[in-house]
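Asker: Sharing a structure with you now.
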Amino acid sequence: MTSTAAIHIGSYAPAADTAPVVGSSVTVIQAPTKESLPNCLSSMKSEALSSISIHLQYDELLTHYDSLALASLVPYLIPNGSISVHVVMSAANGAASKTSMDWGIIMTSFVLAGLKTQSEQRQKDGGRVFTAQKAAAPPATSSAPMRLNLGAKKSKVTLNLNDDDDDDDQIDEDDLLLNSGNSGMLAPPPTIDMEARAKAAEDDCGGRKACDDCTCGRAEREADEEKKTADPLPKSSACGNCAKGDAFRCAGCPYLGKPAFKEGEEHLVLKLDDDV
């Protein structure tokens, strides 16, 4: 035998000729106010009901029905259980049934409670019956038991720490040593043939300075370089204004930027020490 709960909200009273559902145990619960609806099934066990029917008058839909309270009633339903909301018209509010009523409050309550809307029926007296269903329980997953063979023969695992299978693009450290494992010294740098390098540079001397009996021409080249660096400025002025200062010097004068001097004192160095 299935168990059903019928919730009467506000001033709703069932008709005298209302027949009970055959083969079910109906529990009638009163919810006189809007605030009493969420906790009206608190005395029942979880997932104990196959269906819940809510009954209320048409003119009390906006004042006594709580769209958020329906979510608190869903846990008392079994999986695939149904909830129906019956909005009843009376003779007193028969004229009001002709006006438009926003039935979205009931549809919204189904969505907020996680229910799937099934049907909407219109009664002869203008009333409505909305039905929704709770989702089915997720399928139980069964896993095969794992057998552990503790009596199996243990296999010995050997780790080779001297694995020489390195990548080809890597340098083997052993190749950098002269004698692997013996001296442990790094290989000496390659010998440089100074004679071959000097010939390539057209220099037979091979040292830092030219030889005393130089025949390759290096001594002459070094003498010319020293002469150019020793006295880069001309000894005499071509225009005669070099010693007078920058105001009288030509644009290409080698003495530009230097102070005025007397003829013959171009290379005079002044020692300006502070005697204080």
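Asker: According to a simple spin-label model (label point 7 Å from Cα along Cα-to-Cβ), what is the distance in nm between Glu35 and Ala196?
Answerer: Using points 7 Å along Cα→Cβ, the separation is 10.6 nm.
Asker: Here's a follow-up. Work out, step by step, the length gained on full extension between Ala48 and Lys227: first 0.36 nm times the residue separation, then minus their alpha carbon distance; give nm to one decimal. Could the numbers behind the result be given before it?
Answerer: Details: separation 179, 0.36 × 179 = 64.44 nm, distance 11.65 nm.
Separation in residues times 0.36 nm, less the Cα-Cα distance, equals 52.8 nm.
Asker: Quick query: amide H of Gln118 versus all other amide H atoms, modeled in the peptide plane; which residues come in under 5 Å with a sequence gap of 5 or more or a different chain?
Answerer: Those lying under 5 Å, H to H, from Gln118 are Thr131, Ala132, Gln133.
Asker: Then there's this: Ser67 to Asp212: extension gain in nm, 0.36 nm per residue of separation minus the Cα-Cα distance? Write down the numbers at each step before the final one.
Answerer: Numbers: separation 145, 0.36 × 145 = 52.20 nm, distance 11.44 nm.
Stretched out fully, the Ser67 to Asp212 stretch lengthens by 40.8 nm.
Asker: Give me the distance in nm between label points sitting 7 Å out from Cα along the Cα-to-Cβ direction at Val26 and Ala260, one decimal.
Answerer: About 13.2 nm separates the two model spin labels.
Asker: Continuing with the same structure: Would you please give the residues with an amide H less than 5 Å from that of Gly245, counting only those at least 5 places away or on a separate chain, with H modeled from the backbone geometry?
Answerer: Phe261
Asker: To continue, here is another question. Compute the length gained on full extension between Ala251 and Ile105: take 0.36 nm times their separation in residues and subtract their Cα-Cα distance, giving the result in nm to one decimal. Walk me through the numbers before you get to the answer.
Answerer: Working: separation 146, 0.36 × 146 = 52.56 nm, distance 9.95 nm.
42.6 nm is the gain from fully extending Ala251 to Ile105.
All of the numbers you see were taken from the coordinates with simple rules; none came from a lab. None of the values given here were measured: they were computed from a predicted structure. Reconstructed Cβ throughout: ideal geometry from the backbone, glycine too, with neighbour counts over all protein chains shown.
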